[in-house]
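The values are calculated or read from the model by the stated rules, or taken from the named source; none is laboratory data. Since this is a predicted model, take the numbers as computed values, not measurements. Glycine gets a Cβ as well: all are built from the backbone with ideal geometry, and neighbour counts include every protein chain shown.
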Amino acid sequence: MQHRSLTKILARSLALVIWMLATTAGAEESLPVEKAIVTAPPNVPPPITRTTPARVVVELEVIEKPGMIADGVEYTFWTFGGTVPGGFIRVRVGDTVELHLANHPDNKLPHNIDLHAVTGPGGGAASTFTAPGHKSRFTFKALNPGLYIYHCATAPVGMHVANGMYGLIYVQSEKPLPPVDHEFYVVQGDFYTDQPFGVKGHQAFSMQRAIDEHPSYVVFNGSALSMVGDQALQAKVGDRIRIFVGNGGPNLVSSFHVIGEIFDTVYFEGGQKTQNDVQTTLIPAGGSAIVEFKLDTNGTYLLVDHSLLRTFNKGALAMLKAEGEQVAAIYSGKELDEMYLGDEAVASALRKKHPTPLAAKTAGAGAPDGRTLFANNCAMCHQAEGQGLEGVFPPLAKADYLMARATADDRSELVDIILNGKTGRITVNGNDYNAVMTPVSGLSDADIAAVLNFVTTSWGNTGARPFTTEEVAQGRAKIGSKAGAATP
Ligand code: HEC
Ligand SMILES: [Cu+2]
(Lines give C-alpha, C1' and ligand atoms only; values in the text may rest on other atoms or scores of the structure.)
(Ligands and ions follow the chains in the order given, each with its own letter.)
Protein backbone atom coordinates (compact mmCIF):
# COMPACT_ATOMS: atom_id res chain seq x y z
CA MET A 1 0.00 0.00 0.00
CA GLN A 2 2.51 2.46 1.20
CA HIS A 3 4.88 1.50 -1.54
CA ARG A 4 2.22 1.94 -4.21
CA SER A 5 1.17 5.42 -3.09
CA LEU A 6 4.82 6.52 -3.01
CA THR A 7 5.27 5.46 -6.63
CA LYS A 8 2.11 7.30 -7.46
CA ILE A 9 3.36 10.48 -5.80
CA LEU A 10 6.71 10.16 -7.57
CA ALA A 11 5.04 9.64 -10.89
CA ARG A 12 2.81 12.63 -10.30
CA SER A 13 5.70 14.90 -9.30
CA LEU A 14 7.64 13.81 -12.34
CA ALA A 15 4.67 14.69 -14.53
CA LEU A 16 4.45 18.03 -12.77
CA VAL A 17 8.14 18.75 -13.35
CA ILE A 18 7.82 17.84 -17.02
CA TRP A 19 4.74 20.04 -17.31
CA MET A 20 6.57 22.93 -15.61
CA LEU A 21 9.58 22.57 -17.88
CA ALA A 22 7.33 22.49 -20.92
CA THR A 23 5.41 25.59 -19.87
CA THR A 24 8.52 27.59 -18.97
CA ALA A 25 10.04 26.75 -22.35
CA GLY A 26 6.75 27.80 -23.88
CA ALA A 27 6.74 31.00 -21.84
CA GLU A 28 10.23 31.81 -23.14
CA GLU A 29 8.95 31.61 -26.70
CA SER A 30 5.76 33.47 -26.03
CA LEU A 31 7.48 36.43 -24.31
CA PRO A 32 6.21 39.71 -25.67
CA VAL A 33 8.78 41.14 -28.05
CA GLU A 34 9.76 44.78 -27.87
CA LYS A 35 12.39 46.96 -29.51
CA ALA A 36 14.67 48.69 -27.01
CA ILE A 37 14.79 52.48 -26.99
CA VAL A 38 18.51 53.21 -27.26
CA THR A 39 19.48 56.82 -26.50
CA ALA A 40 22.52 58.95 -27.32
CA PRO A 41 24.30 60.63 -24.36
CA PRO A 42 23.44 62.50 -22.17
CA ASN A 43 19.94 61.03 -22.54
CA VAL A 44 18.56 57.97 -20.78
CA PRO A 45 15.64 55.86 -22.05
CA PRO A 46 12.45 56.18 -19.95
CA PRO A 47 11.96 53.81 -17.01
CA ILE A 48 10.44 50.44 -17.86
CA THR A 49 6.94 50.12 -16.41
CA ARG A 50 6.39 46.45 -17.32
CA THR A 51 6.25 44.06 -14.38
CA THR A 52 6.84 40.85 -16.36
CA PRO A 53 9.75 39.80 -18.60
CA ALA A 54 9.95 40.53 -22.31
CA ARG A 55 12.16 39.63 -25.22
CA VAL A 56 13.98 42.91 -25.88
CA VAL A 57 15.57 43.51 -29.27
CA VAL A 58 18.59 45.83 -29.10
CA GLU A 59 20.15 47.15 -32.30
CA LEU A 60 23.59 48.71 -32.26
CA GLU A 61 25.62 49.86 -35.24
CA VAL A 62 29.38 50.33 -35.11
CA ILE A 63 30.49 53.52 -36.85
CA GLU A 64 34.10 54.68 -37.23
CA LYS A 65 33.96 58.44 -37.67
CA PRO A 66 35.87 61.66 -37.08
CA GLY A 67 34.64 64.02 -34.35
CA MET A 68 35.94 66.80 -32.09
CA ILE A 69 37.67 65.76 -28.88
CA ALA A 70 38.38 69.39 -27.92
CA ASP A 71 38.03 72.75 -29.60
CA GLY A 72 39.80 72.52 -32.97
CA VAL A 73 41.08 69.03 -32.23
CA GLU A 74 39.75 66.25 -34.46
CA TYR A 75 39.96 62.57 -33.63
CA THR A 76 38.68 59.43 -35.35
CA PHE A 77 36.37 57.75 -32.85
CA TRP A 78 35.18 54.17 -33.09
CA THR A 79 31.65 54.16 -31.74
CA PHE A 80 28.58 52.13 -30.92
CA GLY A 81 25.88 54.16 -32.64
CA GLY A 82 27.91 57.22 -33.65
CA THR A 83 28.47 58.65 -30.18
CA VAL A 84 30.93 58.25 -27.31
CA PRO A 85 29.72 56.65 -25.13
CA GLY A 86 27.52 54.44 -27.31
CA GLY A 87 23.76 54.27 -26.97
CA PHE A 88 22.27 53.73 -23.50
CA ILE A 89 20.41 50.41 -23.28
CA ARG A 90 17.72 49.85 -20.66
CA VAL A 91 16.22 46.41 -19.95
CA ARG A 92 14.59 44.78 -16.92
CA VAL A 93 15.98 41.96 -14.83
CA GLY A 94 14.65 38.65 -16.18
CA ASP A 95 14.36 39.99 -19.72
CA THR A 96 15.76 38.02 -22.62
CA VAL A 97 17.90 40.36 -24.66
CA GLU A 98 18.43 39.79 -28.37
CA LEU A 99 21.46 41.83 -29.35
CA HIS A 100 22.01 42.74 -32.99
CA LEU A 101 25.39 44.22 -33.91
CA ALA A 102 25.91 45.77 -37.34
CA ASN A 103 29.34 46.87 -38.58
CA HIS A 104 28.91 49.69 -41.10
CA PRO A 105 30.30 48.84 -44.57
CA ASP A 106 32.48 51.99 -44.62
CA ASN A 107 34.32 50.86 -41.48
CA LYS A 108 37.85 49.52 -41.78
CA LEU A 109 37.95 47.02 -38.93
CA PRO A 110 36.04 44.14 -37.40
CA HIS A 111 34.41 44.82 -34.02
CA ASN A 112 32.32 43.00 -31.41
CA ILE A 113 30.66 43.64 -28.05
CA ASP A 114 31.23 42.38 -24.51
CA LEU A 115 28.42 43.46 -22.19
CA HIS A 116 29.19 43.16 -18.50
CA ALA A 117 25.47 42.46 -17.96
CA VAL A 118 25.86 39.09 -19.70
CA THR A 119 26.35 35.79 -17.91
CA GLY A 120 28.30 33.67 -20.40
CA PRO A 121 31.81 33.46 -21.85
CA GLY A 122 33.22 36.72 -23.16
CA GLY A 123 30.00 38.60 -22.43
CA GLY A 124 29.01 38.05 -26.05
CA ALA A 125 32.36 38.94 -27.61
CA ALA A 126 32.98 35.79 -29.66
CA SER A 127 29.35 35.55 -30.75
CA THR A 128 29.31 39.09 -32.10
CA PHE A 129 32.67 39.30 -33.88
CA THR A 130 31.61 41.13 -37.04
CA ALA A 131 33.48 42.23 -40.18
CA PRO A 132 32.67 45.56 -41.88
CA GLY A 133 29.47 45.22 -43.90
CA HIS A 134 28.18 42.34 -41.73
CA LYS A 135 25.62 41.90 -38.94
CA SER A 136 25.56 39.39 -36.11
CA ARG A 137 23.28 38.46 -33.24
CA PHE A 138 23.26 36.69 -29.89
CA THR A 139 20.77 36.37 -27.05
CA PHE A 140 21.26 36.46 -23.30
CA LYS A 141 19.13 36.56 -20.20
CA ALA A 142 19.66 39.55 -17.91
CA LEU A 143 20.06 37.68 -14.63
CA ASN A 144 21.48 40.43 -12.43
CA PRO A 145 20.11 43.94 -11.97
CA GLY A 146 22.53 46.88 -12.02
CA LEU A 147 24.41 49.34 -14.20
CA TYR A 148 26.94 47.73 -16.50
CA ILE A 149 29.57 48.86 -18.99
CA TYR A 150 29.65 47.32 -22.43
CA HIS A 151 32.66 47.63 -24.72
CA CYS A 152 34.32 46.30 -27.82
CA ALA A 153 36.62 43.36 -27.17
CA THR A 154 38.34 43.02 -30.53
CA ALA A 155 42.15 42.92 -30.49
CA PRO A 156 43.91 45.12 -29.69
CA VAL A 157 41.13 45.50 -27.10
CA GLY A 158 42.80 48.42 -25.34
CA MET A 159 42.93 50.35 -28.60
CA HIS A 160 39.28 49.71 -29.48
CA VAL A 161 38.22 50.89 -26.03
CA ALA A 162 40.63 53.86 -26.11
CA ASN A 163 38.97 54.97 -29.34
CA GLY A 164 35.60 55.27 -27.62
CA MET A 165 34.01 51.83 -27.94
CA TYR A 166 32.01 51.65 -24.70
CA GLY A 167 28.63 52.51 -23.25
CA LEU A 168 26.18 51.58 -20.48
CA ILE A 169 23.43 49.00 -20.18
CA TYR A 170 21.11 49.39 -17.21
CA VAL A 171 19.32 46.29 -16.01
CA GLN A 172 16.42 47.71 -14.02
CA SER A 173 15.62 45.73 -10.89
CA GLU A 174 12.15 44.34 -10.15
CA LYS A 175 11.50 47.26 -7.85
CA PRO A 176 12.40 50.28 -9.97
CA LEU A 177 14.35 53.20 -8.53
CA PRO A 178 12.17 56.04 -7.21
CA PRO A 179 11.20 58.57 -9.88
CA VAL A 180 13.40 61.68 -10.32
CA ASP A 181 13.08 64.84 -12.42
CA HIS A 182 16.06 64.14 -14.67
CA GLU A 183 18.15 61.13 -15.53
CA PHE A 184 21.45 61.77 -17.31
CA TYR A 185 24.03 59.53 -18.98
CA VAL A 186 27.70 60.42 -18.46
CA VAL A 187 30.74 58.26 -19.17
CA GLN A 188 34.36 59.19 -18.58
CA GLY A 189 37.13 58.01 -20.89
CA ASP A 190 40.86 58.54 -21.35
CA PHE A 191 42.28 59.24 -24.82
CA TYR A 192 45.78 58.95 -26.25
CA THR A 193 46.75 61.27 -29.08
CA ASP A 194 50.30 61.43 -30.36
CA GLN A 195 50.43 65.22 -29.78
CA PRO A 196 49.84 66.81 -26.36
CA PHE A 197 46.49 68.22 -25.20
CA GLY A 198 45.16 71.09 -27.26
CA VAL A 199 47.34 70.75 -30.37
CA LYS A 200 44.92 71.61 -33.18
CA GLY A 201 44.05 69.58 -36.23
CA HIS A 202 43.52 65.88 -36.73
CA GLN A 203 45.24 63.79 -34.06
CA ALA A 204 46.38 60.20 -34.44
CA PHE A 205 46.09 57.50 -31.77
CA SER A 206 49.32 56.79 -29.88
CA MET A 207 49.70 53.18 -28.78
CA GLN A 208 52.81 54.08 -26.81
CA ARG A 209 50.96 56.69 -24.75
CA ALA A 210 48.16 54.18 -24.14
CA ILE A 211 50.62 51.53 -22.97
CA ASP A 212 52.31 54.10 -20.73
CA GLU A 213 48.84 55.03 -19.37
CA HIS A 214 49.68 58.62 -20.14
CA PRO A 215 46.52 60.15 -21.65
CA SER A 216 46.52 63.49 -23.42
CA TYR A 217 42.73 63.79 -22.91
CA VAL A 218 40.43 62.67 -20.12
CA VAL A 219 36.86 63.63 -20.97
CA PHE A 220 33.19 63.01 -20.28
CA ASN A 221 31.04 61.82 -23.16
CA GLY A 222 33.85 61.79 -25.70
CA SER A 223 34.82 65.45 -25.79
CA ALA A 224 36.15 68.25 -23.63
CA LEU A 225 33.20 70.29 -24.91
CA SER A 226 30.41 67.74 -24.69
CA MET A 227 28.54 69.33 -21.78
CA VAL A 228 29.71 72.94 -21.37
CA GLY A 229 28.15 76.25 -22.44
CA ASP A 230 25.06 75.63 -24.59
CA GLN A 231 25.52 71.90 -24.21
CA ALA A 232 25.42 71.99 -20.38
CA LEU A 233 22.97 69.63 -18.68
CA GLN A 234 19.85 71.63 -17.79
CA ALA A 235 17.65 71.43 -14.71
CA LYS A 236 15.76 73.61 -12.25
CA VAL A 237 16.13 74.42 -8.57
CA GLY A 238 14.23 71.77 -6.62
CA ASP A 239 14.83 69.03 -9.20
CA ARG A 240 16.03 65.62 -8.19
CA ILE A 241 18.83 64.41 -10.43
CA ARG A 242 20.05 60.90 -11.15
CA ILE A 243 23.23 60.39 -13.15
CA PHE A 244 24.14 57.00 -14.57
CA VAL A 245 27.91 57.34 -14.56
CA GLY A 246 30.29 54.97 -16.27
CA ASN A 247 34.01 54.81 -16.77
CA GLY A 248 35.06 53.39 -20.13
CA GLY A 249 38.74 53.77 -19.27
CA PRO A 250 40.65 52.02 -20.77
CA ASN A 251 43.19 52.86 -18.07
CA LEU A 252 42.21 55.46 -15.49
CA VAL A 253 40.05 55.14 -12.41
CA SER A 254 37.73 58.12 -11.88
CA SER A 255 37.21 60.05 -8.64
CA PHE A 256 33.82 61.31 -9.71
CA HIS A 257 32.68 64.49 -7.99
CA VAL A 258 30.18 67.29 -8.61
CA ILE A 259 31.56 70.63 -7.45
CA GLY A 260 28.94 72.30 -5.26
CA GLU A 261 26.86 69.18 -4.59
CA ILE A 262 26.79 66.21 -2.25
CA PHE A 263 25.42 62.91 -3.52
CA ASP A 264 22.40 62.11 -1.34
CA THR A 265 22.57 58.52 -2.57
CA VAL A 266 25.20 56.53 -4.45
CA TYR A 267 24.59 53.04 -5.80
CA PHE A 268 28.28 52.39 -5.67
CA GLU A 269 29.86 50.28 -8.39
CA GLY A 270 26.44 50.25 -10.08
CA GLY A 271 25.11 47.57 -7.71
CA GLN A 272 22.12 47.40 -5.38
CA LYS A 273 23.70 48.72 -2.16
CA THR A 274 23.59 52.40 -1.41
CA GLN A 275 25.70 54.83 0.51
CA ASN A 276 24.43 58.25 1.58
CA ASP A 277 26.00 61.70 1.79
CA VAL A 278 28.98 61.11 -0.46
CA GLN A 279 31.33 63.80 -1.82
CA THR A 280 33.37 61.76 -4.32
CA THR A 281 32.74 58.25 -5.57
CA LEU A 282 35.31 55.98 -7.13
CA ILE A 283 34.45 54.55 -10.53
CA PRO A 284 36.75 51.80 -11.74
CA ALA A 285 37.71 51.44 -15.38
CA GLY A 286 35.01 49.19 -16.79
CA GLY A 287 32.71 50.09 -13.90
CA SER A 288 29.89 52.43 -12.97
CA ALA A 289 27.91 54.18 -10.26
CA ILE A 290 24.46 55.73 -9.99
CA VAL A 291 24.48 59.03 -8.14
CA GLU A 292 21.46 61.01 -6.97
CA PHE A 293 21.13 64.49 -5.54
CA LYS A 294 18.65 67.34 -5.27
CA LEU A 295 19.42 70.81 -6.64
CA ASP A 296 18.72 72.94 -3.59
CA THR A 297 19.90 76.28 -4.98
CA ASN A 298 20.68 77.78 -8.36
CA GLY A 299 23.99 77.92 -10.18
CA THR A 300 26.35 75.95 -12.34
CA TYR A 301 27.58 72.71 -10.87
CA LEU A 302 30.69 71.12 -12.34
CA LEU A 303 31.05 67.41 -12.98
CA VAL A 304 34.72 66.55 -12.57
CA ASP A 305 37.24 63.82 -11.99
CA HIS A 306 38.71 65.03 -8.69
CA SER A 307 42.13 63.98 -9.96
CA LEU A 308 41.99 67.65 -10.86
CA LEU A 309 44.76 68.02 -13.39
CA ARG A 310 42.58 65.83 -15.60
CA THR A 311 39.75 68.31 -15.13
CA PHE A 312 41.57 71.56 -15.70
CA ASN A 313 44.25 70.33 -18.09
CA LYS A 314 42.82 67.33 -19.92
CA GLY A 315 39.13 68.10 -20.37
CA ALA A 316 37.29 66.11 -17.67
CA LEU A 317 34.74 68.82 -16.97
CA ALA A 318 31.02 69.04 -17.62
CA MET A 319 28.37 71.48 -16.40
CA LEU A 320 24.95 71.07 -14.86
CA LYS A 321 22.97 74.31 -14.79
CA ALA A 322 20.22 74.77 -12.22
CA GLU A 323 17.90 77.59 -13.28
CA GLY A 324 15.92 79.37 -10.63
CA GLU A 325 16.23 81.49 -7.55
CA GLN A 326 19.19 81.49 -5.27
CA VAL A 327 18.03 79.99 -1.98
CA ALA A 328 19.90 82.16 0.49
CA ALA A 329 19.19 79.92 3.47
CA ILE A 330 21.12 77.14 1.66
CA TYR A 331 23.83 79.22 0.02
CA SER A 332 24.20 82.94 0.60
CA GLY A 333 26.60 83.99 -2.13
CA LYS A 334 29.37 86.32 -1.00
CA GLU A 335 28.24 88.19 2.10
CA LEU A 336 31.36 90.03 3.08
CA ASP A 337 34.58 91.29 1.58
CA GLU A 338 36.54 93.44 3.94
CA MET A 339 40.09 93.84 5.07
CA TYR A 340 41.41 91.32 7.53
CA LEU A 341 44.46 92.47 9.43
CA GLY A 342 44.86 89.57 11.82
CA ASP A 343 46.72 90.34 14.95
CA GLU A 344 48.18 93.70 14.02
CA ALA A 345 51.00 93.46 16.57
CA VAL A 346 52.18 90.13 15.19
CA ALA A 347 51.68 91.32 11.64
CA SER A 348 53.74 94.43 12.02
CA ALA A 349 56.53 92.52 13.74
CA LEU A 350 56.54 90.03 10.87
CA ARG A 351 56.44 92.83 8.32
CA LYS A 352 59.71 94.12 9.63
CA LYS A 353 61.24 90.71 9.04
CA HIS A 354 59.66 89.94 5.62
CA PRO A 355 58.57 93.22 4.13
CA THR A 356 57.37 92.15 0.68
CA PRO A 357 55.14 89.06 0.92
CA LEU A 358 53.15 90.29 3.89
CA ALA A 359 52.82 93.72 2.40
CA ALA A 360 51.03 92.05 -0.46
CA LYS A 361 48.41 90.58 1.81
CA THR A 362 47.70 93.33 4.29
CA ALA A 363 46.26 96.62 3.20
CA GLY A 364 47.71 98.27 6.28
CA ALA A 365 51.10 97.87 4.69
CA GLY A 366 50.31 100.09 1.72
CA ALA A 367 49.59 99.15 -1.88
CA PRO A 368 49.10 95.44 -2.61
CA ASP A 369 51.84 93.73 -4.61
CA GLY A 370 50.62 92.81 -8.08
CA ARG A 371 53.33 90.23 -8.68
CA THR A 372 52.35 88.21 -5.60
CA LEU A 373 48.67 88.57 -6.34
CA PHE A 374 49.33 87.28 -9.85
CA ALA A 375 51.37 84.34 -8.51
CA ASN A 376 48.62 83.40 -6.04
CA ASN A 377 45.55 83.97 -8.20
CA CYS A 378 46.37 83.70 -11.89
CA ALA A 379 49.66 81.86 -12.51
CA MET A 380 48.23 78.37 -11.95
CA CYS A 381 46.33 78.81 -15.19
CA HIS A 382 48.04 81.59 -17.16
CA GLN A 383 51.47 80.21 -16.10
CA ALA A 384 54.35 81.85 -14.23
CA GLU A 385 55.47 84.13 -17.05
CA GLY A 386 51.96 84.77 -18.35
CA GLN A 387 52.76 82.60 -21.36
CA GLY A 388 49.56 80.51 -21.06
CA LEU A 389 49.13 76.91 -22.15
CA GLU A 390 48.50 76.11 -25.80
CA GLY A 391 44.82 75.44 -26.41
CA VAL A 392 43.78 75.70 -22.74
CA PHE A 393 44.81 78.94 -21.07
CA PRO A 394 45.38 82.02 -23.22
CA PRO A 395 48.57 84.02 -22.68
CA LEU A 396 48.62 87.33 -20.86
CA ALA A 397 52.19 88.05 -21.97
CA LYS A 398 52.19 90.16 -25.15
CA ALA A 399 48.49 89.30 -25.45
CA ASP A 400 46.61 91.37 -28.02
CA TYR A 401 43.29 90.50 -26.32
CA LEU A 402 44.40 91.81 -22.93
CA MET A 403 46.20 94.89 -24.24
CA ALA A 404 43.36 95.97 -26.56
CA ARG A 405 41.08 96.08 -23.52
CA ALA A 406 43.73 97.61 -21.25
CA THR A 407 44.17 100.54 -23.65
CA ALA A 408 40.44 101.11 -24.27
CA ASP A 409 38.51 104.02 -22.76
CA ASP A 410 36.19 101.77 -20.77
CA ARG A 411 38.24 99.04 -19.13
CA SER A 412 35.51 97.46 -17.00
CA GLU A 413 35.59 94.30 -19.14
CA LEU A 414 38.89 93.33 -17.50
CA VAL A 415 37.36 93.79 -14.04
CA ASP A 416 34.44 91.67 -15.23
CA ILE A 417 36.77 88.86 -16.40
CA ILE A 418 38.46 88.69 -13.00
CA LEU A 419 35.27 88.94 -10.92
CA ASN A 420 32.96 86.80 -13.01
CA GLY A 421 35.32 84.59 -14.97
CA LYS A 422 35.07 84.00 -18.69
CA THR A 423 33.70 81.35 -21.01
CA GLY A 424 33.09 81.21 -24.72
CA ARG A 425 35.27 81.31 -27.78
CA ILE A 426 37.96 84.00 -27.89
CA THR A 427 41.00 84.58 -30.09
CA VAL A 428 44.27 85.62 -28.47
CA ASN A 429 47.31 86.30 -30.66
CA GLY A 430 45.65 84.43 -33.52
CA ASN A 431 44.92 81.26 -31.50
CA ASP A 432 41.41 80.20 -30.55
CA TYR A 433 40.46 79.33 -26.98
CA ASN A 434 37.15 78.01 -25.74
CA ALA A 435 37.69 77.14 -22.12
CA VAL A 436 36.42 78.11 -18.69
CA MET A 437 37.98 80.73 -16.45
CA THR A 438 36.36 80.45 -13.03
CA PRO A 439 35.71 83.70 -11.12
CA VAL A 440 38.67 84.85 -9.01
CA SER A 441 37.27 85.48 -5.55
CA GLY A 442 38.56 87.34 -2.55
CA LEU A 443 40.28 90.25 -4.34
CA SER A 444 39.60 93.81 -3.20
CA ASP A 445 39.38 96.68 -5.67
CA ALA A 446 42.93 97.66 -4.74
CA ASP A 447 44.11 94.09 -5.36
CA ILE A 448 42.46 93.99 -8.77
CA ALA A 449 44.04 97.30 -9.73
CA ALA A 450 47.41 95.97 -8.59
CA VAL A 451 47.18 92.69 -10.47
CA LEU A 452 46.00 94.47 -13.62
CA ASN A 453 48.88 96.94 -13.30
CA PHE A 454 51.26 94.02 -12.96
CA VAL A 455 50.00 92.03 -15.97
CA THR A 456 49.72 95.07 -18.24
CA THR A 457 53.31 96.19 -17.54
CA SER A 458 55.10 92.80 -17.41
CA TRP A 459 56.56 90.40 -19.98
CA GLY A 460 56.85 93.07 -22.65
CA ASN A 461 53.29 94.44 -22.26
CA THR A 462 53.31 98.25 -22.61
CA GLY A 463 51.06 101.19 -23.41
CA ALA A 464 48.28 100.91 -20.81
CA ARG A 465 47.66 103.76 -18.35
CA PRO A 466 47.75 102.74 -14.67
CA PHE A 467 44.65 101.21 -13.07
CA THR A 468 43.43 102.82 -9.85
CA THR A 469 41.30 101.46 -7.04
CA GLU A 470 38.61 104.01 -8.00
CA GLU A 471 38.50 102.82 -11.60
CA VAL A 472 38.09 99.20 -10.45
CA ALA A 473 35.37 100.23 -7.98
CA GLN A 474 33.50 102.00 -10.79
CA GLY A 475 33.97 98.95 -13.01
CA ARG A 476 32.65 96.65 -10.30
CA ALA A 477 29.57 98.86 -9.84
CA LYS A 478 29.00 98.97 -13.59
CA ILE A 479 29.12 95.23 -14.24
CA GLY A 480 27.19 94.36 -11.07
CA SER A 481 29.48 91.87 -9.41
CA LYS A 482 28.24 88.35 -9.04
CA ALA A 483 31.62 87.18 -7.78
CA GLY A 484 31.37 84.45 -5.22
CA ALA A 485 27.74 83.69 -6.07
CA ALA A 486 26.80 80.23 -7.20
CA THR A 487 26.06 81.41 -10.73
CA PRO A 488 29.23 82.32 -12.62
C1 HEC B 1 41.26 78.49 -13.37
C2 HEC B 1 42.14 79.01 -14.37
C3 HEC B 1 42.28 80.54 -14.50
C4 HEC B 1 42.60 81.42 -13.50
C5 HEC B 1 42.88 81.13 -12.05
C6 HEC B 1 42.65 82.72 -14.15
N7 HEC B 1 42.33 82.61 -15.47
FE8 HEC B 1 42.19 84.13 -16.81
N9 HEC B 1 41.53 82.83 -18.21
C10 HEC B 1 41.42 81.47 -18.06
C11 HEC B 1 40.86 80.91 -19.25
C12 HEC B 1 40.60 79.43 -19.50
C13 HEC B 1 40.61 81.97 -20.12
C14 HEC B 1 39.97 81.88 -21.50
C15 HEC B 1 38.47 81.82 -21.37
C16 HEC B 1 37.78 81.59 -22.70
O17 HEC B 1 38.24 80.74 -23.46
O18 HEC B 1 36.75 82.24 -22.94
C19 HEC B 1 41.06 83.17 -19.45
C20 HEC B 1 41.03 84.44 -20.00
C21 HEC B 1 41.59 85.56 -19.42
C22 HEC B 1 41.72 86.84 -20.05
C23 HEC B 1 41.29 87.19 -21.46
C24 HEC B 1 42.19 86.52 -22.48
C25 HEC B 1 43.61 87.01 -22.52
O26 HEC B 1 44.51 86.16 -22.63
O27 HEC B 1 43.85 88.20 -22.46
C28 HEC B 1 42.30 87.67 -19.16
C29 HEC B 1 42.67 89.13 -19.35
C30 HEC B 1 42.53 86.91 -17.95
N31 HEC B 1 42.08 85.62 -18.14
C32 HEC B 1 43.11 87.41 -16.82
C33 HEC B 1 43.25 86.69 -15.63
C34 HEC B 1 43.78 87.25 -14.40
C35 HEC B 1 44.32 88.67 -14.26
C36 HEC B 1 43.74 86.28 -13.47
C37 HEC B 1 44.11 86.35 -12.02
C38 HEC B 1 43.53 87.46 -11.25
C39 HEC B 1 43.19 85.11 -14.11
N40 HEC B 1 42.90 85.39 -15.41
C41 HEC B 1 42.98 83.89 -13.48
C42 HEC B 1 41.76 80.74 -16.94
C43 HEC B 1 42.10 81.29 -15.72
CU1 LIG C 1 36.02 47.54 -31.88
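So here's what we get for this one:
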quantity: Subset of segment 361-378 (residues that are part of a loop (DSSP other than H, G, I, E, B), modelled with pLDDT of 80 or more and either more than 22 Å from ASP343 (Cα to Cα) or hydrophobic (A, V, I, L, M, F, W, C) (or both)); calculated: CYS378
quantity: Some residue of segment 379-397 being surrounded by 17 or more Cβ atoms within 10 Å (Cβ to Cβ), in contact (Cβ under 8 Å) with a residue 12 or more places away in the chain and in a helix (DSSP H, G or I); calculated: yes
quantity: Yes/no for GLU413 being in the same structural domain as GLY386 (by TED's automatic domain parsing) and more than 11 Å from ligand 1 (Cβ to nearest atom); calculated: no
quantity: Selection status of ALA349, aliphatic (A, V, I, L, M), modelled with pLDDT of 75 or more and either more than 16 Å from ligand 2 (Cβ to nearest atom) or surrounded by 15 or more Cβ atoms within 10 Å (Cβ to Cβ) (or both); calculated: no
quantity: Count of residues meeting criterion [under 29 Å from the mean Cα position of the chain (by Cα) and surrounded by fewer than 23 Cβ atoms within 10 Å (Cβ to Cβ)] in segment 124-135; calculated: 1
quantity: Flag for ALA224 being within 16 Å of ligand 1 (Cβ to nearest atom), under 26 Å from HIS257 (Cβ atoms) and surrounded by 23 or more Cβ atoms within 10 Å (Cβ to Cβ); calculated: yes
quantity: Candidate set: segment 151-172, residues that are assigned to a loop (DSSP other than H, G, I, E, B) and surrounded by 15 or more Cβ atoms within 10 Å (Cβ to Cβ); chosen: the one farthest from ligand 2 (Cβ to nearest atom); calculated: GLY164
quantity: All positions within segment 428-471 that are part of a loop (DSSP other than H, G, I, E, B) and touching a strand residue (DSSP E or B) at 6+ places or on another chain (Cβ under 8 Å); calculated: ASN434, ALA435
quantity: Top-ranked residue in segment 173-212 [being within 30 Å of VAL237 (Cα to Cα) and outside any strand (DSSP E or B); ranked as farthest from ligand 1 (Cβ to nearest atom)]; calculated: LYS175
quantity: Residue list for segment 108-117, filter: more than 9 Å from ligand 2 (Cβ to nearest atom) and at pLDDT 90 or above; calculated: ASP114, LEU115, HIS116, ALA117
